[in-house]
Amino acid sequence: MTKVRVLGIFPPWTGWDRLVVDGMTKWAAQDGNMDVLIWNHWHSWGPGARGLPRSAACDLKRYNVRGIITNAWDDKEVKRFRRLSTPVVDVGGTWPHAQIVSVHSDDLAVGRLAARHLLEKGIKSFGMWSDRVPLAALHRQKGFVDELAANGYSCSVIDWPGDEMPWSRAEQRMIAQWIGSISKPAGIFCWWDGCAVPLEYCCREIGLAVPDDIAIIGVSDDDVLRQRCPVGLSSIDTCPQNIGYKAMEVIRRMIRTGKRPAEPLVLPPGNVIARASTDILALDNAQLAEAIRFMQNFSHKPITVRDVLQAVPISRRNLEVQCRKMLGRTPLQQIQRSHVERAKVLMADYDLSLSDVATMSGFTSHNALSILFKRYVGCTPGQYRRRLLPPTRTTRTESA
């Protein structure tokens with residue numbers, strides 16, 4: 001039987017898009033009745049890219065392509081896709097679902113994750129490098145700004161296309177003025193990792209240190225883009241493999257029924273992957289900062305408040321007061337959150353059972369992990385891991 005062929009059209013140079021393709025091919029391998037063909041040259045961006053040709057309909061027919069999955073970056077490209085009779089699914093979240101069927105990450109949740117990560121560092125001054133065109137940028141901006149507002153903070157936003165490096169002196173001055181207008185230390189959220197490259201460059205040019213003066217967090221955890229950042233970039237994993245996998249499910253349904261879905265498929269993001277660019281504790285109280293760092297450094301062990309007091313020269317009363325004043329929680333709650341955050345990172349290693357994760361993140365038992373994880377994250381460890389699980393993998397323990 002002839003396999004149903006799906007064409008993937010992606011920029012050839014981003015690690016994120018390669019992982020989307022990986023999810024697509026894994027789904028096709030599982031299904032057995034579908035085939036994936038990748039044409040980078042049909043994309044509108046990147047080396048060798050020429051965009052969708054006028055002969056697209058004829059070429060699709062010649063190669064027996066029944067559906068298209070793409071990360072569309074250009075509005076002209078979207079208009080050409082709409083003129084085709086072939087079903088198309090976009091995975092970038094850049095365009096309204098009314099224009100092109102969309103499978104993408106929950107970008108409001110992405111923005112909230114970024115805000116919480118910076119707030120956890122004790123930062124009180126914030127900025128965001130956004131872009132007024134992509135819906136993903138606008139939704140991430142809204143999630144970030146709203147989460148900060150809910151905690152009593154405002155945010156300075158600059159709109160700048162992330163794919164354009166501000167090389168001219170006038171552009172550099174404008175970016176420098178924006179960065180300079182934000183009180184230090186500050187946390188800046190870049191709507192995708194590509195913005196972090198020029199941001200780090202501008203910080204270096206005006207003598208600001210990352211993360212001591214400016215803590216930076218991006219989105220996509222793109223290995224290609226991160227290599228261009230001198231300081232290891234903290235980033236939010238949007239689980240591109242899962243996006244590619246789910247996009248294949250949607251395109252198959254469209255091919256079989258001839259109908260487009262009424263709503264976009266919005267998928268939950270993964271973890272914050274913390275690296276050097278946000279390795280800061282911007283707390284006025286040096287003893288509290290030392291205590292918090294101790295909690296983080298020993299989150300793999302079942303530590304108690306007594307352990308913290310033995311390691312840090314601070315009274316229990318002072319620690320309690322400062323924790324509540326600056327972080328809004330008790331020392332015990334801060335210890336528990338450190339354990340939970342470590343557990344979230346360990347869950348990306350699918351060779352570890354949830355019992356292994358519990359032990360390696362300082363919990364005394366699998367049950368203790370489940371109780372506190374549900375309290376702080378809102379779901380069980382098993383439910384959380386299933387959100388992150390690559391399509392062809394199964395965990396050893398999914399009982400939680």
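Laboratory data are not the source of any read-out in this text; all were calculated from the coordinates shown. Since we're looking at a predicted model, the values are computed, not measured. No Cβ is skipped: glycine too gets one built from the backbone with ideal geometry, and neighbour counts run over all protein chains shown.
Couple of notes before you dig in:
- For the range 278-340: rounded, prolate or oblate by the Cα gyration tensor [a/c cutoff 1.5]: rounded
- Diffusion coefficient (Stokes-Einstein, Kirkwood radius over C-alpha pairs, 25 °C, 0.890 mPa s) for the range 160-317: 130 µm²/s, rounded to a whole number.
- Gyration tensor (alpha-carbon) shape descriptor, the range 94-190, a/c threshold 1.5: oblate
- Relative contact order (%) - criterion: Cα under 8 Å, at least six apart; region: the chain: 15
- Computed packing ranks the peptides 31-38, 13-20 as 13-20, 31-38, most packed first, by mean other Cβ atoms within 10 Å.
- When only alpha carbons are used to place a centre, the range 217-255 and the range 1-41 end up 15 Å from one another.
- Point-to-point label distance, ASP223-ALA98, nm (Cα→Cβ direction, 7 Å offset): 4.0
- The ratio of the alpha-carbon radius of gyration of the range 1-125 to the globular-protein estimate 2.2 N^0.38 Å is 1.24.
- Of all DSSP bridge pairs formed entirely within the chain, close to 5 percent run antiparallel.
- Per-residue HN-Hα couplings for the range 217-224 [Karplus 6.51, -1.76, 1.60; θ = phi - 60°; Hz; x = Gly/Pro]: 10, x, 9, 2, 6, 7, 5, 5
- Based on Cα contacts under 8 Å between residues 6+ apart, the range 162-312 shows a relative contact order of 20 percent.
- Diffusion of the range 286-388 by Stokes-Einstein, at 37 °C in a medium of 0.692 mPa s and with Rh set to the Kirkwood radius over alpha-carbon pairs, works out to 234 µm²/s.
- Between the listed residues PHE298, GLN287, GLN333, the Cα displaced farthest toward the positive end of the dipole of the range 271-335, a dipole computed from Cβ unit charges relative to the Cα centre, is found at GLN333.
- Across the chain, Cα-Cα distances exceeding 31 Å account for 43% of all pairs.
- Amide H contacts under 5 Å for ILE236, placed H, 5+ residues apart: GLY218, VAL219, SER220, ASP221, ILE273
- Taking a sphere under 11 Å around the Cβ of SER361 and counting the other residues whose Cβ falls inside, with K and R at +1 and D and E at -1, yields a net charge of +1.
- Taking the chain, the Cys residues with no second Cys beta-carbon under 4.7 angstrom are CYS58, CYS155, CYS202, CYS203, CYS229, CYS239, CYS323, CYS379.
- Dipole axis of the chain (+1 Lys, Arg; -1 Asp, Glu on Cβ), positive-most option in CYS155, LEU60, SER105: LEU60
- Between ARG260 and SER168, the contour length at 0.36 nm per residue exceeds the Cα-Cα span by 28.7 nm.
- Listed residues PHE144, VAL89, CYS190: farthest to the positive end of the dipole of the chain (Cβ charges): VAL89
- Tilt relative to the chain, helix 15-31 - C-alpha long axis, 0 to 90 degrees, to 10: 60
- Computed from Cα positions, the angle between helix 331-346 and the longest principal axis of the chain comes to roughly 30 degrees.
- Working ranking of peptides 121-129, 103-111, 376-384, 356-364 by packing, defined as the average number of other Cβ atoms within 10 Å per residue, highest first, is 103-111, 121-129, 356-364, 376-384.
- Between LYS301 and ARG82, the modelled labels are 6.1 nm apart [label points 7 Å from Cα along Cα→Cβ].
- Computed E for GLU249/ARG375 - FRET, C-beta separation, R0 25 angstrom, nearest 0.05: 0.15
- For LEU7, distant residues with modelled amide H under 5 Å away: LEU37, ARG66, GLY67, ILE68, ILE69
- Sum of side-chain charges, TYR63 neighbourhood, beta-carbon under 15 Å (Lys, Arg +1; Asp, Glu -1): +3
- Close amide-amide hydrogen proximity is noted between ILE188 and GLY127, ALA215, ILE216, ILE217, each under 5 Å apart and 5 or more residues distant or on a separate chain (H modeled in the peptide plane; Pro and chain starts excluded).
- Its Cα centre serving as origin, the chain has a Cβ charge dipole (Lys and Arg +1, Asp and Glu -1) of approximately 1080 debye.
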